[in-house]
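Quick notes on the structure that follows.
No lab work stands behind these numbers, since they all come straight from the coordinates. Predicted model, so just to flag it, every value in this text is computed and none were measured. Ideal geometry is used to build each Cβ from the backbone, glycine not excepted, and the neighbour counts take in all protein chains shown.
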Amino acid sequence: MKRSSPLAIRPSRILVTATISALCFGAVPTASSDTFTERPWGYDSAAGSCVVCHSLEEGGPFRVAPNLWDIVGAEKGRDRDWFNYSPGLLKVGGTWTREELDRFLEDAAAFAPGSTKSIRVRDAEQRAEIIDYLAGLGD
């Protein structure tokens, strides 16, 4: 029996890995200028792992995922200019509480079946630090 290549099994992982690699190691435009910088805003924060896909600054650009400025207490799917929210996340509805962010960061697929978020933060202390940082962003 011929075994298929692991790459053939999960082509979506190739795309995700390529995108994350490009964002981590490539140039990323900043919200404040048309120039490029190697590290996006918030890179050296507790939420540094989030900036691979999200911008954290007020009015920051959409990257692979929507901006997280003022996310705690915000409506899920709030950014009407972002059209890639998963149906699973939109179905959950409501606003982002600390508890829901914790569950989402731990296992997005369990929190919102069909979610496209692939990065999981398994360590509870790290999740708490990320959420504390995100809670400090906003008005």
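Side notes on the structure shown:
- Magnitude of the charge dipole, the stretch 42-135, Cβ model with Lys/Arg +1 and Asp/Glu -1, debye to 20: 460
- Relative contact order of the stretch 42-135, defined on C-alpha pairs under 8 angstrom at six or more residues apart (%): 26
- Every Cα-Cα pair of the stretch 42-135 was included, and the share exceeding 21 Å stands at 22 percent.
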